[in-house]
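These notes are about the structure you will find just below.
The values are calculated or read from the model by the stated rules, or taken from the named source; none is laboratory data. None of these values were measured; they are calculated from a predicted model. All Cβ positions, glycine included, derive from the backbone under ideal geometry; neighbour counts span all protein chains shown.
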Amino acid sequence: MIINPKFENNIVLETKFLTRRFGGLVAVNNVSFAVNKNEIFGLIGPNGAGKTTLFNLITGLIPSSSGELLYQGAEISRLRPHQIAALGIARTFQNIRLFGELSALENVIVARHLHIKSSIIKGVLGLPPASTEEEKNRRKALELLDLMGLRERTEEKAKNFAYGDQRRLEIARALALEPQVLLLDEPAAGMNPSEKQQLSEFIRSLRDRFNLTIILIEHHVPLVMGLCDRIAVLDFGQLIALGEPAVVKNNPAVIEAYLGNE
């Protein structure tokens, strides 16, 4: 699939009446919003509101029942996950999905496979340009591990990492895909207040360093309100609010459905 080269709109990702049904359950119900280039966009709502389902739709893990999903102006809702990743959309998961028996370095290198252009035969025989490409991928993986503060643990198995380090390793693996849009599913889960503050600053630095658009699901309201440019709120699969943090925070429907007395 080729993204429209004439697409110059500031909108990178857009959902139009996106819906996903599981039998009689409507997990995502006619959700429409647009995410701008280089925006940090928050997605919040109660448990079961449809947030992770929406991430699964965006990344092709499940197909939509109806509606449109546009990336840089092109419809992508029927593409498979590897095709969407190749276009420039990467994600982390609420439940970490690392290869526990592989080293930190191997976990990141595996994610680079979409950028490998040499043939399998050349790779097996170690012929150029396969050997050159392998070294390039290794170098980029090491740079990402260094960025995450994991450079000294490159050969350690992922299963031996503490929870917070596994989170950072998963982000490194997502960045190895060289995405334009990065989806983070509850990146602050399990972190203490100090770690959450550091994470907020780190996410901003990733946006600026890699020229990213970031969409994140997060339950820690202060982090979301202080970090995101705009926020969308889901409740029972429906979009009940969309706008800047101060506006969303004072929306009566959001207070009733989610924020309460926070």
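What to note about this one:
- Total residues in the stretch 108-157, condition acidic (Asp, Glu) and modelled with pLDDT of 90 or more: 5
- Answer from ARG139, ARG173, ARG168 - the residue that is among the charged types (D, E, K, R), in contact (Cβ under 8 Å) with a residue 60 or more places away in the chain and assigned to a helix (DSSP H, G or I): ARG173
- Just one of the listed residues (ALA246, ALA253, ALA232) is more than 22 Å from VAL181 (Cβ to Cβ) and touching a helix residue (DSSP H, G or I) at 6+ places or on another chain (Cβ under 9 Å), namely ALA246.
- Filtering LEU177, LEU223, LEU182 for residues that are of a type in the set (A, V, I, L, M), more than 23 Å from PRO81 (Cβ to Cβ) and in contact with a helix residue (DSSP H, G or I) (Cβ under 7 Å, 6 or more places away or on another chain) leaves a single hit, LEU223.
- Where strands (runs of 3 or more DSSP E) sit wholly within the stretch 34-101, those with at least 1 residues that are surrounded by fewer than 20 Cβ atoms within 10 Å (Cβ to Cβ) occupy 66-71.
- Looking across the stretch 183-210, the residues that are of a type in the set (Lys, Arg) and either under 19 Å from ILE89 (Cβ atoms) or free of Cβ contacts under 8 Å to residues at least 24 places away in the same chain (or both) come down to ARG207, ARG209.
- The residue pairs whose first member lies in the stretch 92-121 and is among the β-branched types (Val, Ile, Thr), whose second member is at pLDDT below 90 and loosely packed, with under 13 Cβ neighbours inside 10 Å, and whose beta carbons are closer than 8 Å, counting only pairs six or more residues apart or on different chains, are ILE96/TYR163.
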